[in-house]
Amino acid sequence: MRSARAVRTAFATLLLAVSLGATTGRAAQPPWRIAMLLYRGCEESCRGFQDYFRRQNVPAVFTLLDAAQDQRRIAGLVAEVKRIRPDLVVVWGTSVALAAVGTWDAVDPERHLTEMPVVFMAVTDPVHSRLVPSLAGSRRNLAGTLYLLPVAEQLRAARAYLDFRRVGFLLNPAETNSRLSLAELQALAGQLGFAVHVETLPLDNGGRPEAGALPKRIAALAAAGVDLLYFSPDSFLNSQRQVITRQAVARRIAVFAAAEAPVRQADALLGVVVRYDYVGQFTARLALRILHDGARAGELPVELPRQFSYLINLRVARRLGRYPPLPLLDVAEIVGGSDCAGTFEKGERCD
């Protein structure tokens, strides 16, 4: 295990120390000490969390501990948090959250964080992953937020754009989120009238999925007649979003993404998402209820933000020849080039 000194020097400590403004109504206090246990760096939700404290003029010192998508490093980061004993811990993602606090019915005080409040975000399904017994509250020193619409609502939103009968899924067996998403997708297949075709990614000797296998797996989805690829919320898949979506589009497969990056930053056709920066802000409000207002973490419900975006990538729609129904243009957020919006509204092609 790496030494405490090595961990301290390997990760950034960010100081946000600003005087309290008269508009906040908060009494002066020392900066809150907040540790953030991350899985793939300080992305949009991490920055949104910090920005909320800044905008509210709440002084805080943030210590960022990043596993860099290596699950073997998480236990060492948890040990470091135990050593520094911050006022609050933020955990990002299902794998980090489970390693940090354990399941609600199998907590080990030797390994897990039990003596300080913990707030989770970007966890796909906290109930099925057994972080909490129900969304009503954790009944322990843990609170958190949701960030995904239920899969059934995602798929109904996708059906408002295009019909599909065979849904493809890339399974990352090393990621809890991936397995949970697949289980929910399969449970809905009969109800919503589609079949699921799964391609499982092979793992290397270190237990990590092999990126080089993606083109062949997507080719297999195309050969199986998949007409929609469900891009699940998975850190590895997100890191490969350019490869996955481009390979799919090249094979005439539309991609529906559960998170925003594959639509905004790659070639997914559409998604119904909560912006990651807003997830961070929403979670920061929850954290302040614990830190400032004295709320008990275990009594706070796990809630979903109410602000969603229906994203459509018009550049990809043009390539696939799958133009959105006109009513969707009234509610959708257009990405990938708004120059086509006018021609779609007139019912014309945009080539």
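The values are calculated or read from the model by the stated rules, or taken from the named source; none is laboratory data. It should be emphasised that the depicted structure is a prediction, and the values quoted were computed from it without experimental measurement. Every residue, glycine among them, receives a Cβ derived from its backbone with ideal geometry; neighbour counts consider all protein chains shown. All accessible areas refer to the heavy atoms of the entire protein, side chains included, with ligands and DNA or RNA removed. Shrake-Rupley method; radii C 1.70, N 1.55, O 1.52, S 1.80 Å.
Please identify the pairs in which a residue from the range 210-229 that is at pLDDT 95 or above has its Cβ atom under 6 Å from the Cβ atom of a residue that is assigned to a helix (DSSP H, G or I) and open to solvent by 40 Å² or more (accessible area, probe 1.4 Å), counting only partners at least 6 apart or on another chain.
Final answer for the pair search is 214/243; 215/247; 218/247.
For the range 295-348, which residues satisfy the criterion of being modelled with pLDDT of 90 or more and among the aromatic types (Phe, Trp, Tyr)?
Passing the criteria: 310, 323.
For the range 86-104, which residues satisfy the criterion of being open to solvent by 20 Å² or more (accessible area, probe 1.4 Å), in contact with a helix residue (DSSP H, G or I) (Cβ under 8 Å, 6 or more places away or on another chain) and hydrophobic (A, V, I, L, M, F, W, C)?
98, 99
If I go through the range 178-213 residue by residue, how many of them are in contact with a helix residue (DSSP H, G or I) (Cβ under 9 Å, 6 or more places away or on another chain), closer than 21 Å to residue 68 by Cβ and of a type outside the set (Lys, Arg)?
6
Enumerate the strands (runs of 3 or more DSSP E) found wholly within the range 133-245, keeping only those where 1 or more residues are surrounded by fewer than 19 Cβ atoms within 10 Å (Cβ to Cβ).
166-171, 195-200
Of the residues 146, 180, only one is in contact (Cβ under 8 Å) with a residue 24 or more places away in the chain and under 28 Å from residue 290 (Cα atoms); which?
Within the list 146, 180, the selection yields 146.
Can you spot a residue in the range 37-60 that is touching a Lys or Arg at 6+ places or on another chain (Cβ under 6 Å) and either open to solvent by 10 Å² or more (accessible area, probe 1.4 Å) or of a type outside the set (Ser, Thr, Tyr) (or both)?
No: the range 37-60 contains no residue that is touching a Lys or Arg at 6+ places or on another chain (Cβ under 6 Å) and either open to solvent by 10 Å² or more (accessible area, probe 1.4 Å) or of a type outside the set (Ser, Thr, Tyr) (or both).
Looking at the range 269-282 only, could you name the residues that are touching a helix residue (DSSP H, G or I) at 6+ places or on another chain (Cβ under 6 Å) and among the β-branched types (Val, Ile, Thr)?
272, 279
Scan the range 253-267 and report the pairs whose first residue is touching a residue at least 60 places away in the same chain (Cβ under 8 Å) and open to solvent by 10 Å² or more (accessible area, probe 1.4 Å) and whose second residue is of a type outside the set (Asp, Glu) and not in a helix (DSSP H, G or I), with Cβ atoms within less than 6 Å and a gap of 6+ or a chain change.
Cβ pairs passing all conditions: 259/233; 259/273; 264/335.
Name every residue in the range 290-322 that is open to solvent by 60 Å² or more (accessible area, probe 1.4 Å) and touching a residue at least 24 places away in the same chain (Cβ under 8 Å), in order of residue number.
292, 299, 303, 307, 308, 315, 318, 319, 322
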